[in-house]
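Read through the structure below, which is laid out as structure tokens, and then see the notes.
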Amino acid sequence: MTAELLLQLLVSGLGMGFIFALIAIGLALIYGVMNVVNFAHGEFLMISMYASVFAFTLGGLDPVVTLPFVAVAMFGFGVAVYYLLMKRVLGGAMHSQIFATFGLMVFLQAAAQFTFGADYYSINHSWLGGTVRIGGVTLPMPQIVAAVGAILCTACLYLLVFRTRVGRSLRAVSQDRVAALTMGIDADRMNALAWGLAAACIGVAGSLLSNFYYVFPRVGAVFVLVAYVTVALGGFGSIGGALAAGVAIGVLQVFSGFFMTSTLKFVPVFALYLLIVLFRPTGLLGKQ
Amino acid sequence: MNPILRVENVSVRFGGLQALGDVSFAVANNEILGVVGPNGAGKSTLFGVICGDVHPDAGSTLLAGKSITGKSSDEIARSGLVRTFQTPRPFTTMTFLENVTLAALTKTNDVAIARERARLVLDQVGLSDCCDRPSSGASTGQRKRLDIARALGTEPSVLLLDEPLGGVDPGSIADMLALLKRIRDRGVTLVVIEHNLEALTGIADRLIAMTLGKKIADGAPKDVMSDDRLVRAYLGDDDAAA
Amino acid sequence: MSAPSVNKGLTFAGSPIKLRNIVLFFAGVGILYLIPQFLDGKPFELRLLTVIFLYAVMGQSWNILGGYAGQISIGHAMFFGLGAYTSTIAFLNFGVNPWIGGLLAVAVSALAGVLIGIPCFRLRSHYFVIATLVVAESIFLIFSEWSFVGAAIGLELPIRPSGWENFQFHRNKIPYYYIALTMLVVVTIFVIWMERSKIGFVLKGIRDDEDAVRSLGFSPLRYKLIAMAFSAGILGFCGTFYAQYVLLIEPPTVLFASISVIVALIPIFGGIGTVAGPIIGSVILLTISEYSRVHFSGSGRNVDLLIYGALIMVFAAYCPGGVMSMISSLRARFRKGAV
């Protein structure tokens, strides 16, 4: 294995890793604020990818242009899911919390299959074609844009959560719900905001991803399983943890994909999930 | 005297906090031992260590002369030492009777036998009227009794009670104390954490007092209650206790 | 009202049982055994009833772990798939009779369940759910690549003459109906027994409060593993039945996530943690699914999942107890109205 190849794998792993991180951050955000795992998270991604792909094939609009619109629409979608579905199961039995988002997952996946069929769609000849050569490493342009976009979006989210008033309320709810309520924070709005932001992150991730990844009804399942591992690795509910873990997993799956057939490349990632939750349930980066 | 339960030099640390420091005591067979001390004194941690929920950093615990240190909590319960919880935890989808029947199934595989035993136990604790009611609707006092009934259902030799009077309405305290005495008269050894010191001194044979993870007094209830270290511990003068 | 301390009436597994219920149960079963006499030349109805029985059994098996013990798995397709593969591979490679293969399937699936359960049962709530999901997905991916088990193409069972000894019936499919119905009767009686036995009590205790169960002296892990072995083992035999019924197994049909979804949904829809729940769930959901398959054949294979997904959401949000809880609350209202 040459140094160039190693570097090539490392860089493309990092690129993918930032996308994983962005997906996982949304999951971590919802979990942090509401203690609920969104099992439909992957289907949020699928929706935003379909939106980007069809905006391109039908309207000729590049994902770079539609990205902000997809993000905003997804924000609204996330808020709607909270008010119409999640709010109702919030105080209920654990199994109804699990099955609410699980049902949403099944529904959205089946709806996609019903509407678009099982075919694979992708964007050909986007504005961001071609490759870039840096040193001995060749990188496709869409992946670079994806990595940069994911980093920017993560940075914005970081600023929002850690440097603004509303972010402080959001963190207050996730740290101590009861105390936050007594301080007059509207937990309902914070929950809705968490769902909205999480879905918006997914909207960005989906738009960036659609430039180089095909979309099909079950595309979300591939990514969301990795996102669970990412969130477990980073500590459930930790945004910083999700970022670091996403990057690490991006690199891991590129390398394992190099050594085994690409279908099996996620198996070591899944094994990692079991190892983490069994031996360090708070995540590698979470506090004990 | 052959003690049924011995705690020897037990220490527990949670990070930088010394939750228990070198605590030792023994409980005589068929005794009622009260454990008193302000909040944060380490009483619940002590219970945790004895039941196997908390693993001590040093020291050992012995039940009837056999070491139970480091054993899992279910193993310890099977060897005859059972606890109740500070906040009662009934199985909420079950009736009172089913709660206790489940406990009695530790001693038999026959549900019919366990159910009969559960009826007897519920009768002992004064809950025979509630047998077929769902436990989710129970009052705090009923929950406390149900928790005790459930523990008794396993036919323990030692029972650890965590604040059996907590949340019990004042009118029922005498009943509860009478119940504890009856349980002792049936041959069960009781170790009781309780904040209602007056009530506890009424039934305990002996008290140990704790503060800041250390045992500061051990003896007859009257002596311990008048021990000025305990008084100061409750008043919050921490230096005096150390 | 406290029951008399000595039960003079009938008991089953240590608990009283009403004679009326026993009579109704066996009368119902008797009628179901007679029904095929009237289904001559009605292959759709015969198939519908057969799959309703099969999925009711699968729902019962999920319910043992998910409904009674409260351990929610959304990876149960793996045990179904393992069962299907076990008997098929035993037949193809070693000539093992499918009936023996079915027993092997039970053993392999139960063993796999225990091996997966030992680490995973240390996890709680969503950690456990995700663990079942990733294990099932890993097994799916591995079987899709592994040439010994036919990889993505799967395995085809060679056609043998119709007959009970071969567990294959070609022109007349009624024997499959009888096998599926017998599975359902046996498994339902088993679950009724389990629910009333010591195991059932402990499992329900674990669902309500695992730590309290442990404090009484039970090992929760041991009982969860027992529940897992029952649950996975029963699904293993269902897998064999499926393989013998369809005569073709591929990862997407026997290991895929949609099987895990349906297996969990049936008891949730019908009534989680009840004996009748999986049966009611299977009757309603499989009827929807089989009719939608006829009306939207081809492209619309997924209409059933679309309806299922919507139903899961609505039930989780508005009726977490399923159809059974609707029935009992209606009954309560009816009684109140009568008084």
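Where a number appears in this text, it was derived from the coordinates with a stated rule and is not lab data. A quick note: this is a predicted structure, and the numbers were derived from the prediction, not measured. Because the Cβ atoms are built from the backbone with ideal geometry, glycine has one as well, and the counts that use them run over all protein chains shown.
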With x for Gly and Pro, the residue-by-residue ³J(HN,Hα) of segment C:318-328, computed from phi through the Karplus equation 6.51 cos²θ - 1.76 cosθ + 1.60 at θ = phi - 60° and given in whole Hz, is 10, 8, x, x, x, 4, 4, 6, 5, 4, 6
If you build the convex hull over the alpha carbons only and average its shadow over all orientations, what do you get for segment B:86-151? Give it in nm² to one decimal. 3.9
Can you give me the relative contact order of segment B:152-215 as a percent, contacts being Cα pairs under 8 Å and 6 or more apart? 41
In percent, how large is the relative contact order of chain C, given Cα pairs closer than 8 Å and 6 or more residues apart? 29
Please order B:67, A:169, C:125, C:260 by the number of other Cβ within 10 Å, starting at the fewest. B:67, C:125, A:169, C:260
Once the other residues with Cβ under 9 Å from the Cβ of residue B:93 are scored (Lys, Arg +1; Asp, Glu -1), what is the net sum? 0
How would you classify the protein assembly as shown from its alpha-carbon gyration tensor, with a ≥ b ≥ c the square roots of the eigenvalues: rounded for a/c under 1.5, else prolate if a/b is greater than b/c, otherwise oblate? oblate
Pick from A:14, A:22, A:272: which residue has the top mean-square fluctuation in a GNM of chain A where Cα pairs under 10 Å get a spring? A:272
In debye, nearest 20: dipole of segment C:35-338 around its Cα centre with unit charges on the Cβ of K, R (+) and D, E (-)? 840
Could you grab the relative contact order for segment C:71-126? Cα pairs under 8 Å, six or more apart, rounded to a whole percent. 37
Per residue of chain C, what 222 nm ellipticity follows from adding -39500 (n - 2.57) for every DSSP H run with n ≥ 4, rounded to the nearest 500? -23500 deg cm²/dmol
How large is the dipole of segment C:100-237 about the Cα centre if only Lys and Arg carry +1 and Asp and Glu carry -1, each at its Cβ, rounded to the nearest 20 debye? 320
Can you list the HN-Hα couplings for segment B:121-126, worked out from phi with the Karplus curve (6.51, -1.76, 1.60; θ = phi - 60°), rounded to whole Hz and with x for Gly and Pro? 5, 4, 5, 4, 8, x
So what is the 222 nm mean residue ellipticity for chain A from helices alone, if each DSSP H run of at least 4 adds -39500 (n - 2.57) and you divide by all residues, rounding to the nearest 500 deg cm²/dmol? -24500 deg cm²/dmol
Cross-link reach from residue B:215 to lysines, straight Cα distance under 18 Å and at least 8 residues apart if same chain, gives B:43
Amide H contacts under 5 Å for residue C:168, placed H, 5+ residues apart: C:163
With a ≥ b ≥ c the root eigenvalues of the C-alpha gyration tensor of chain A, is it rounded (a/c under 1.5), prolate (a/b larger than b/c) or oblate? prolate
Residues whose modelled amide H sits under 5 Å from the amide H of residue B:211, counting only those 5 or more places away in sequence or on another chain, are B:216
Using 24 Å as the Cα-Cα cut-off, could you pick out the over-long pairs in B:181/B:222; B:71/B:144; B:66/C:224; B:66/B:144; B:71/B:107? B:71/B:144; B:66/C:224; B:66/B:144
Expected vector for segment C:27-41, Karplus 3J(HN,Hα) from phi with 6.51, -1.76, 1.60 and θ = phi - 60°, integer Hz, x for Gly and Pro, equals 5, x, 4, x, 4, 4, 5, 8, 3, x, 4, 9, 9, 4, x
Sort C:31, A:25, B:113, B:208 so the one with the fewest other Cβ atoms within 10 Å of its own Cβ comes first. C:31, B:113, B:208, A:25
Sorted by chain and number, the residues with a modelled amide H under 5 Å from that of residue B:192, at a separation of 5 or more or across chains, are B:33, B:34, B:35, B:161
With springs only between Cα atoms under 10 Å, which of A:237, A:184, A:42 fluctuates most in a Gaussian network model of chain A? A:184
Can you classify segment C:35-338 as rounded, prolate or oblate using the Cα gyration tensor, where a ≥ b ≥ c are the square roots of its eigenvalues, rounded means a/c under 1.5, and otherwise it's prolate if a/b beats b/c and oblate if not? oblate
For the protein assembly as shown, share of DSSP beta bridges that run antiparallel, in % to the nearest 5: 65
Give me C:79, A:266 ranked fewest to most by other Cβ atoms within 10 Å of their Cβ, as a rough exposure proxy. A:266, C:79
